[in-house]
Amino acid sequence: MAGDSQLGAQLDNILLVTDSYKVTHHLQYPDNTSTVYSYFESRGGKFRSTVFFGLQYILKRWLVGPVVTREKIDEAVAIYKEHFGRDLFNEEGWNYILNHHGGHLPVRIKAIPEGTVVPYKNVLFTVENTDPKCFWLTNYLETLLVQVWYPMTVATNSRYQKEIICKYLDETADNLEGLPFKLHDFGFRGSTSVESAGIGGAAHLVNFMGTDTIAGIMMARKYYACPMAGFSIPAAEHSTITTWGREGEVDAYRNMLNKFPTGLMACVSDSYNIWNACDHFWGGVLKDSVVERGKNGGVLVIRPDSGDPAEVVIKVLDILGQKFGVTKNTKGYKMLPPYVRIIQGDGISYESLSTILECMKVHGWSSDNIAFGSGGALLQRIDRDTQKCAYKCSYTVINGKEVNVFKQPITDQVKKSKKGRLSLEVINGEYATIQEGHGNPKEDLLQVVFENGKLLRDFTFKEVRANAELEMVKKRQSDS
Ligand code: AOY
């Protein structure tokens with residue numbers, strides 16, 4: 001039992017990664033059911049389009065290869081017997097997969113390529129059993145597969161923030177060059193687990209290149225063949241400043257300049273009085289050192305971390321502008337000298353970004369002076385309802401007869417589901433889900449990514465990023 005814990009738990013037991021009630025569902029379908037076909041969609045939600053991302057991680061982590069073994073079946077038998085107080089587990093069905101499929105799951109999963117941006121209310125992936133005896137397996141997998149809502153929703157939320165920043169750079173900056181580093185992931189500590197931080201961190205990196213969430217980098221490396229998906233810089237936290245004592249604040253800042261004499265360096269500056277820190281320390285006692293550091297290509301990034309974000313950002317920019325001077329860029333907006341920038345990492349969300357950037361614009365400041373950090377709102381302040389993610393059966397074969405199935409609750413039209421076999425096509429330049437098997441297979445954008453235990457498509461992070469890139473960025477890249 002090498003690798004097993006004290007309780008003899010089989011690691012990664014797919015038989016146990018489901019909701020309890022699903023363990024009883026093989027007994028509930030009509031007699032002679034031979035196919036169950038289900039699909040996943042965003043039924044609506046906060047953002048009109050979703051970035052599809054993260055299914056490949058789930059497939060590689062849980063479904064690829066001979067994932068059913070004698071030991072896992074034995075463990076599931078014992079666990080479910082105790083859990084329900086009786087024998088309900090489909091031991092025969094799982095034994096069949098072990099004996100007739102070598103433990104490979106007899107299902108086919110078709111999905112839109114990862115990184116694709118699809119309007120909500122369209123099919124994103126479909127699942128069906130490939131062995132008629134395993135009709136019950138399709139929805140046994142729902143619990144695990146629907147967890148794709150998380151990476152998909154983080155990638156979507158992050159991309160909508162990229163759209164906002166892009167718009168303001170387009171209006172107030174010389175170019176869009178800085179965009180990939182304008183929203184830095186601060187969310188590791190606010191995540192519910194290292195695994196979640198990895199998944200969410202990687203999802204943010206679909207759109208951006210800056211992160212402090214190392215777990216996200218490791219996830220992109222292992223599951224999406226990306227050697228280094230994200231970058232960071234030396235930066236202070238409050239402890240590295242406050243340990244110098246209140247009287248030692250300026251010495252702490254001077255030490256930062258000395259220890260990091262070149263390149264980008266960020267310093268949180270609100271430990272006591274952000275106005276004083278900008279006015280009398282960075283722009284006063286330390287000003288010559290900051291300017292000198294600039295001559296070696298150094299960039300000091302000042303980080304306020306409290307107060308009303310929009311107000312604080314404007315006031316910090318005004319103080320730094322007075323102290324270090326300002327120039328006007330090609331669009332007529334104010335720029336600090338190239339060796340001083342700011343990063344706002346407190347209170348950043350999809351909602352607050354527009355407020356801050358609009359406030360900067362109104363006050364004549366280019367958005368190129370600032371970068372943002374986001375933690376809780378980026379990786380945690382979302383749920384499955386943010387994009388109303390759901391997995392529903394739309395087609396079945398019973399007694400050899402094909403049946404289109406759906407739900408249509410009188411109490412909620414939003415919960416109405418699609419009917420029949422589905423294909424995702426572009427019609428008149430727009431994504432459309434074709435129902436009831438009426439789609440044209442040649443036009444179907446859903447690709448088989450998994451079949452009978454094998455991964456059939458392996459997307460690289462580079463492909464995912466290219467698929468998710470903003471239209472404005474793609475246009476600028478093709479123009480130049
Ligand atoms: N990191 C840019 C690099 C990162 C951070 C991480 C929570 C950074 C801060 C910074 O400049 O200030 C986790 C809070 C901050």
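The values are calculated or read from the model by the stated rules, or taken from the named source; none is laboratory data. Because the structure is predicted, anything quoted here is derived from the model rather than measured. Quick reminder, even Gly has a Cβ in these numbers, built from the backbone with ideal geometry, and neighbours come from all protein chains shown. Heavy atoms of the whole protein, side chains included, go into the accessibility calculation; ligands, DNA and RNA do not. Shrake-Rupley method; radii C 1.70, N 1.55, O 1.52, S 1.80 Å.
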Which one of these is open to solvent by 30 Å² or more (accessible area, probe 1.4 Å) and assigned to a helix (DSSP H, G or I): 160, 168? 160
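When only residues in region 204-248 that are of a type in the set (Gly, Ala, Ser) and either in contact with a strand residue (DSSP E or B) (Cβ under 7 Å, 6 or more places away or on another chain) or open to solvent by 60 Å² or more (accessible area, probe 1.4 Å) (or both) count, which is farthest from the ligand (Cβ to nearest atom)?
Ranking the qualifying residues of region 204-248, first place goes to 225.
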Could you tell me how many of the residues in region 66-89 are open to solvent by 10 Å² or more (accessible area, probe 1.4 Å) and under 35 Å from the mean Cα position of the chain (by Cα)? 10
If a residue has to be in contact (Cβ under 8 Å) with a residue 24 or more places away in the chain and part of a loop (DSSP other than H, G, I, E, B) to count, how many in region 415-435 make the cut? 7
When residues of region 121-144 are limited to those that are touching a Lys or Arg at 6+ places or on another chain (Cβ under 6 Å) and not in a helix (DSSP H, G or I), the one most open to solvent (accessible area, probe 1.4 Å): 130
Say we look at region 351-371 and pick out the residues that are surrounded by 20 or more Cβ atoms within 10 Å (Cβ to Cβ) and of a type in the set (Ser, Thr, Tyr); which of these is nearest to the ligand (Cβ to nearest atom)? 367
Only residues in region 292-312 that are free of Cβ contacts under 8 Å to residues at least 24 places away in the same chain count as the first member; pair them with residues that are within 16 Å of the ligand (Cβ to nearest atom) and outside any loop (DSSP other than H, G, I, E, B), Cβ under 9 angstrom, at least 6 apart or cross-chain, and list the lot. 292/257
Any hit, region 399-414, residues being under 30 Å from residue 264 (Cα atoms) and in a loop (DSSP other than H, G, I, E, B): no
Residue 388 more than 30 Å from residue 189 (Cβ to Cβ) and more than 16 Å from the ligand (Cβ to nearest atom): no
Failed item in (1) aliphatic (A, V, I, L, M); (2) more than 23 Å from residue 172 (Cβ to Cβ); (3) open to solvent by 40 Å² or more (accessible area, probe 1.4 Å), with residue 277 passing the rest: (3)
